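Data first, discussion second: the structure below is written as structure tokens.
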Amino acid sequence: MAFELPSLPYSVGALAERGMCQETLELHHGKHHQAYVTALNGFVEKNADLQGKTLEEIVAFANGKADLAPVFNNAGQHWNHIVFWQNMSAAGGAIPGKLEAKLVEDFGSVDAFKTAFKTAATTQFGSGWAWLILGSDGKLKATKTPNGSSPLATGEGKVLLGCDVWEHSYYLDFRNRRPDYVTNWLDKLANYEYAAAQL
Ligand code: MN3
């Protein structure tokens, strides 16, 4: 069973007024994410070790194996983007009370959470991701991973939110201004309902 590109949970134009234009979503979902899925299916077709495995199992199997780096990168990016599309909403930015209380408990304030997340996002050198995770110690943390890696691969914790900081995520809307993209993402796009549901 080949892996498939999931449909977006909103129309391609739904986030335009919130700082992510239709062209960004068309290219990011229809071209970039599709390319990861197509490449992954090509690897699975040629490698019996990968056949019959779930996406999460392929990420774990390929993780750290030099000869399977392309498999890890494409499987990881498929997983990351499945999360990413759900992590945005045309009604984004509003933080449910349950999550707000936990953010205040673990970061000190909602602003302190946003600062920590922005720091993770803007200090990720080159391509990668910023994450809000629930660590195994029960505390929320802001982290980052390079390229196609993720907290699923590193085992750091359960993902509540993931923000794509590859340039293809923001160049049409924010040019080179990654900090502005991340600020806008947290304030207007982030689906905190999804994040709260993971707690
Ligand atoms: Mn991307």
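Summary table below
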read-out	value
Residue match in the range 45-52 (condition: touching a strand residue (DSSP E or B) at 6+ places or on another chain (Cβ under 7 Å), part of a loop (DSSP other than H, G, I, E, B) and farther than 16 Å from THR154 by Cα)	no
Residue in the range 85-102 that is assigned to a helix (DSSP H, G or I), farther than 24 Å from ASP137 by Cα and open to solvent by less than 30 Å² (accessible area, probe 1.4 Å) present	yes
Test set (1) part of a helix (DSSP H, G or I); (2) loosely packed, with under 14 Cβ neighbours inside 10 Å - ALA39 fails condition number	(2)
Among the candidates ALA75, ALA121, ALA116, residue that is within 16 Å of the ligand (Cβ to nearest atom) and over 30 Å from LEU50 (Cβ atoms)	ALA121
Residue in the range 167-180 that is assigned by TED's automatic domain parsing to the domain that holds LYS118, in contact with a helix residue (DSSP H, G or I) (Cβ under 8 Å, 6 or more places away or on another chain), within 13 Å of the ligand (Cβ to nearest atom) and more than 22 Å from GLU26 (Cα to Cα) present	no
Checking ALA60 against (1) open to solvent by less than 10 Å² (accessible area, probe 1.4 Å); (2) in a helix (DSSP H, G or I), the condition it does not meet	(1)
First in the range 78-98 and at positive phi, second anywhere and open to solvent by 10 Å² or more (accessible area, probe 1.4 Å), Cβ under 7 Å, 6 or more apart	GLY93/ASP187; GLY93/LYS188
Failed item, numbered, when GLY155 is tested on (1) within 22 Å of LEU27 (Cα to Cα); (2) more than 15 Å from the ligand (Cβ to nearest atom)	(1)
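The values are calculated or read from the model by the stated rules, or taken from the named source; none is laboratory data. Because the structure is predicted, anything quoted here is derived from the model rather than measured. Neighbour counts run over all protein chains shown; Cβ positions are idealised from the backbone, glycine included. All accessible areas refer to the heavy atoms of the entire protein, side chains included, with ligands and DNA or RNA removed. Shrake-Rupley method; radii C 1.70, N 1.55, O 1.52, S 1.80 Å.
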